[in-house]
Amino acid sequence: MRFFIGFVVFSTWLFPVAAFPQTAAQDDALLARTRGLYDAPFTRDLVSFDCAVQFDWKQHFVDLLHILPPAAAPIVERLQPIKHRVFVDHSGAVLSDVPAAPELSSVAHATELEGGFKALVAAGLNAWLPSATNVILPVGPIKFNFETIDAGYRLTLDDPGVAATLLLAPDLRLTSGVSQLPQSMRFTTKFGQGPNGFLLNSITTGDTTDGTATRDASFSYMYQSVQGFELPSSVTIKPAAPEIWHYALTDCKVQTGIRIKIGLPKN
């Protein structure tokens, strides 16, 4: 269940608030209504898309170090000409070189930086995918129930292999969550209103089991309309390390077909 990505503890979880459970029929109706509010292109006609990836290595070093160190100049010279495209479908993002990347071992750290860049590009889009496929909310025969609380709604998932609690605002935008199963994770999200429903603006993730962790990772998104689908136009990643990566997606091409059909969970 990849949608359990991380959360920040809200005061409503620290202090008891009035909570009012609903019937199973009310839960099913509310979940159907909630799912319909989100822009999830992979549940419509979108099968896949691929885009050119734009990244400025010189600007990245300047943003990080405030200057371009002389030692970084050969890295920029070797890495900047490499062209990438990223392919994304409901199963994940895959980055490729167009054409094949040159041999990089002759420049110190170039291979490691190129590999890290590819991993971050994929990670940024994979963090967006749960909302784009609408699996950020319960899918399949998972037991769940809504409770009305002062801050909106608490959505609890309790099933073999799945244990999580999600918080939603009164307008049903997901704001945060924490899971114990299938793995311990926490997250906070911000959703904006797009032409086809709620769009993920940002997600911040963290670990609930590592007491030494002091920083979370965050991902933020801006959008472009491609053949009626709202797809990321730029992605900004702030990993746990004090470093920011920003890339843009251009020349996007979409493949359409039969949409993914997702059944409603049953209590």
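The values are calculated or read from the model by the stated rules, or taken from the named source; none is laboratory data. Everything quoted here is computed from the prediction, not taken from an experiment. Cβ: placed from backbone, ideal geometry, glycine included. Neighbour counts: every protein chain shown. Heads up: the accessible areas ignore ligands, DNA and RNA and are worked out on the full protein's heavy atoms, side chains in. Shrake-Rupley method; radii C 1.70, N 1.55, O 1.52, S 1.80 Å.
The table below gives the values:
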| item | result |
| --- | --- |
| Qualifying residue in the range 195-214 (condition: over 21 Å from A93 (Cα atoms), modelled with pLDDT of 95 or more and open to solvent by less than 20 Å² (accessible area, probe 1.4 Å)) | yes |
| Check on V139, in a loop (DSSP other than H, G, I, E, B), modelled with pLDDT under 95 and within 27 Å of S234 (Cα to Cα) | no |
| Hits in the range 76-96 (condition: surrounded by 13 or more Cβ atoms within 10 Å (Cβ to Cβ), under 23 Å from the mean Cα position of the chain (by Cα) and outside any loop (DSSP other than H, G, I, E, B)) | H84, R85, V86, F87, V88, D89, A93, V94, L95, S96 |
| Hits in the range 97-108 - residues which are assigned to a strand (DSSP E or B) and touching a residue at least 24 places away in the same chain (Cβ under 8 Å) | none |
| Enumeration of residues in the range 13-37 that are among the small types (G, A, S) and either at pLDDT below 85 or open to solvent by 50 Å² or more (accessible area, probe 1.4 Å) (or both) | A18, A19, A24, A25, A29, G36 |
| Residue in the range 52-60 that is surrounded by 19 or more Cβ atoms within 10 Å (Cβ to Cβ) and among the hydrophobic types (A, V, I, L, M, F, W, C) present | yes |
| Residues being open to solvent by less than 50 Å² (accessible area, probe 1.4 Å) and either within 21 Å of the chain's Cα centre (by Cα) or of a type in the set (D, E, K, R) (or both) - total across the range 157-184 | 18 |
| Given (1) open to solvent by 40 Å² or more (accessible area, probe 1.4 Å); (2) in contact with a Phe, Trp or Tyr (Cβ under 7 Å, 6 or more places away or on another chain); (3) assigned to a helix (DSSP H, G or I); (4) aliphatic (A, V, I, L, M), number of the condition A73 does not satisfy | (2) |
| Checklist (1) modelled with pLDDT of 90 or more; (2) crowded, with 18+ Cβ neighbours inside 10 Å; (3) out of contact with any strand residue (DSSP E or B) (no Cβ under 6 Å at 6 or more places or on another chain) applied to L104, failing item | (1) |
| Pairs, first open to solvent by 10 Å² or more (accessible area, probe 1.4 Å) in the range 227-239, second among the polar types (S, T, N, Q), C-beta under 6 Å, six or more apart | S233/Q224; T236/S220; K238/S218 |
| Residue pairs meeting the criteria (Cβ under 9 Å; at least 6 apart or on separate chains; first in a helix (DSSP H, G or I) and surrounded by 19 or more Cβ atoms within 10 Å (Cβ to Cβ), in the range 109-130; second hydroxyl-bearing (S, T, Y) and modelled with pLDDT under 95) | A127/T205; L129/S91 |
